[in-house]
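Q: Please find one structure pasted underneath; my questions will follow.
No value in this document is a laboratory result; all are computed from the given coordinates. Bear in mind that the values here come from a model prediction, so they are computed numbers and not experimental data. A quick note on method: Cβ atoms are made from the backbone with ideal geometry, for glycine too, and the neighbour counts reach across all protein chains shown.
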There are 2 protein chains.
Amino acid sequence: MARTEISTLGEFGLIDHLTKNNEIRNSSTILTVGDDGAVIDHFGRQTVVSTDLLIEGIHFDLSYTPLKHLGYKSVVVNLSDIYAMNATPTQITVSIAFSNRFSLEALEEFYDGVYAACNLYNVDLVGGDTSSSNKGLIISVTAIGEVAPDKFVSRKGANNMDLICVSGDLGAAFLGLTLLEREKKIFAETGSQPDLENQAYIVGRLLKPEARKDVVAWLNENEIIPSAMIDVSDGLSSDLLHICKQSDKGCVLYEDKLPINDEAKEFAYKLQLDPTACILSGGEDYELLFTIPQTDFEKIKNNPDISVIGYITEKEEGSNIITRAGNKHKLVAQGWNHAKQN
Amino acid sequence: MARTEISTLGEFGLIDHLTKNNEIRNSSTILTVGDDGAVIDHFGRQTVVSTDLLIEGIHFDLSYTPLKHLGYKSVVVNLSDIYAMNATPTQITVSIAFSNRFSLEALEEFYDGVYAACNLYNVDLVGGDTSSSNKGLIISVTAIGEVAPDKFVSRKGANNMDLICVSGDLGAAFLGLTLLEREKKIFAETGSQPDLENQAYIVGRLLKPEARKDVVAWLNENEIIPSAMIDVSDGLSSDLLHICKQSDKGCVLYEDKLPINDEAKEFAYKLQLDPTACILSGGEDYELLFTIPQTDFEKIKNNPDISVIGYITEKEEGSNIITRAGNKHKLVAQGWNHAKQN
């Protein structure tokens, strides 16, 4: 494969090259890449902003992550935050820093993924920054969205007795990560080619997640306004506890209501992992976790893509999970802290 | 000095701690730190967005950069981009990734600088991301501003015969960098304490730059709307060539009109550097470079803080500088490419 050194273009040549096919999809995008700032017109709407920093060796491993997928995912995880506010993403900025081990072709692959996400989610790339790095790849994405005045949904509004709902299924991204890490280790030790055991579902959930644009659209169509919403990025426990903390409430979850994909569950058993632990602490599922008043139950109960997994309580009752055996356990946030200790 | 390990707080405890004194200054800030996104109301205004990625060892050297100054500068360089659009910055997001060599006290110092800049420039910190890094400190700042519809000034609008103007003086930040790098090298080789030779001006220009909020305000008060504007971050040549390229024009600069501080000029001679080269290629001055029609000359000529340094030509005439001796040289962009080659 051709390898073009980035130094042959320089920073500005590189930006021109990587953005030459950049399309504008939103009429609110007035000025885009190539100036000190982008200009966005949000006449009579509210602007929602979210940002993420992704670092090689911390957030992703290039030994099993194709660059195109990484570009796609870097955008999608930010858009997921905008949808979790009940807003519509409209623009993104993408900054990258890379060491000289990256060729122009490698950056093009990354941007192919960025543009694929822009295309699918109808957002405009309007700016960013490029830089060299002394080690590895660093990505920073900021997403901007819009919402009708005061129609945004924060983490704060959950009320006592509200139903706790989640879209899709949980835990699969973590199982995909576990599989890829296992195969990486085996390859390093023995040179054996990775055996992904036809686990396309769990690997896909990790490497190419989608943001739940469709769920937000469905909620709007059905005139359901969640009282609180968050996307599941750190793991169900951690993210639900954010809603509880910011709403000053407690919760009850039911283990037997937690949604998991069948293949993912089987694979968890094979690895001797508890599927419930994968769901609670796994993270990176990018599903939407939200609370609704009980009066909306009739509207939601026949949607097979949304599970009612528990309810909100007063704060004094704490945050608990009822196991299949009927035992009550305190819900504990793992995720980032957990990762740090390992 | 006390050292608190960040792992004792966890990510969310850390965010709570670092943002507990975060004040909201703009009524457009509707929802701030602590949710999936921030919410900003820009009723009837246009939103301007700019972002920068700053990496230890590439953009800053902690051996001579106090963390508080670094926090301040990280914000200011982004605000400078917003002012360079003739807009008013209103919100920022700040993301940081840090290795375990950073203590909580170190991050507090960094955020003290961030908040000092927010306070002086009247902007709200509305979000961000924190992460661990496997090496050094990584900072990503996104600034958001607002401007009345279509009053933004891009790099594209320069017209033939427009005057080229720049605020303040140029080249000093580069000389400050040169001095600090020299003293670092001497310290590494001999252990001698740094001798900054009372060069407070040039060191201050590097470590604690300001964005030219005052210049944008003055232009507005005097009803001067630049035809094109950019901030001087990469060096005068590089930044002026951006205006020329995007406006499809050429330019003539006069060496004897280029503004430099007296102390900076003397120090350049002492180091056997050409002051003009420092001005043209130095960068990091964060002054505003802009073009105005000749009819605005009367308004601007008595402002001692703005220098008229040349004029815009048709593209065919190229981009040139007339030296003190009356010779004509082609203007060449250095800066980032230049830095890469060394």
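Q: Based on the mean of other beta carbon atoms within 10 Å per residue, what is the order of A:201-210, B:303-312, B:31-40, most packed first?
A: Ranking, from highest mean packing down: B:31-40, A:201-210, B:303-312.
Q: Here's another thing I want to ask about it. What does the convex hull of the alpha-carbon atoms of the range B:6-147 project to on average, in nm²?
A: The directionally averaged projection comes out at 8.2 nm².
Q: What is the ratio of the Cα radius of gyration of the range B:107-198 to 2.2 N^0.38 Å, with N the residue count, to two decimals?
A: That works out to 1.65 for the range B:107-198.
Q: Volume per residue, Å³, of the convex hull around the alpha-carbon atoms of the range B:173-243?
A: 95 Å³
Q: Okay, next question. Treating only the Cβ of Lys, Arg, Asp and Glu as charged (+1, +1, -1, -1), what charge dipole size does the protein assembly as shown show about its Cα centre? Round to the nearest 20 debye.
A: Roughly 520 debye for the protein assembly as shown.
Q: Would you compute the Debye intensity of the range A:266-308 from its alpha-carbon atoms alone, equal scatterers and no solvent, and pass along log10 I(q)/I(0) at q = 0.17, 0.26 Å⁻¹ to two decimals?
A: Log10 I(q)/I(0), no solvent term: -0.67, -0.94.
Q: To continue, here is another question. From other protein chains only, count the Cβ atoms within 10 Å of every residue's Cβ in A:129-141, then give the mean.
A: Average per residue, whole number: 6.
Q: Hey, what D do you get for chain A in µm²/s if you plug the Kirkwood alpha-carbon radius into Stokes-Einstein at 37 °C and 0.692 mPa s?
A: It diffuses with D of about 154 µm²/s by this estimate.
Q: Using a 10 Å cut-off on Cβ to Cβ distances, tally the other chain neighbours for every residue of A:236-242 and report the average as a whole number.
A: Mean partner shielding for this stretch: 1.
Q: So what is log10(I(q)/I(0)) for the range B:163-341 at q = 0.13, 0.14, 0.17 1/Å, when the Debye sum runs over its Cα atoms only?
A: Reported log10 I(q)/I(0), two decimals: -0.67, -0.76, -1.08.
Q: To continue, here is another question. In terms of the ratio Rg/(2.2 N^0.38 Å) built on C-alpha atoms, what value belongs to the protein assembly as shown?
A: The reported ratio for this selection is 1.01.
Q: Go ahead and estimate [θ] at 222 nm for chain A from helices alone: -39,500 (n - 2.57) per DSSP H run with n ≥ 4, summed, over the residue count, rounded to 500.
A: -10500 deg cm²/dmol
Q: Binning at 10 angstrom from zero up to the longest distance, how are the C-alpha pair distances of the range A:229-277 distributed in percent?
A: So the P(r) values, bin by bin, are 22, 46, 25, 7.
Q: Let me ask something additional. Arrange A:Arg182, A:Arg3 by Cβ neighbour counts within 10 Å, fewest through most, would you?
A: Least crowded to most crowded, the residues run A:Arg3, A:Arg182.
Q: Could you work out the Rg to Rh ratio of the range B:63-116, with Rh taken as the Kirkwood radius (inverse of the mean 1/r over all Cα pairs)?
A: Checking Rg against Rh, the ratio lands at 1.04.
Q: With angles folded into 0 to 90 degrees, how steeply does helix A:172-190 sit against the dominant principal axis of chain A? Use alpha carbons for both and round to 10.
A: Approximately 50 degrees, to the nearest 10.
Q: Once you charge only the Cβ atoms, +1 for Lys and Arg and -1 for Asp and Glu, what is the size of the charge dipole of the range A:163-341 about its Cα centre, to the nearest 20 debye?
A: Computed charge dipole of the range A:163-341: roughly 400 debye.
Q: Positive end of the charge dipole of the protein assembly as shown (Lys, Arg +1 and Asp, Glu -1 on Cβ, about the Cα centre): tell me which of A:Ser233, B:Asn21, B:Thr90 has its Cα farthest that way.
A: Ranked along the dipole, the leading option is A:Ser233.
Q: Among the listed pairs B:Lys301/B:Lys328; A:Lys73/A:Lys135; A:Lys315/B:Lys68, which are separated by more than 28 Å between their Cα atoms?
A: A:Lys315/B:Lys68
Q: Could you work out the percent of alpha carbon pairs in the range A:135-264 separated by over 27 Å, rounded to a whole number?
A: 36 percent
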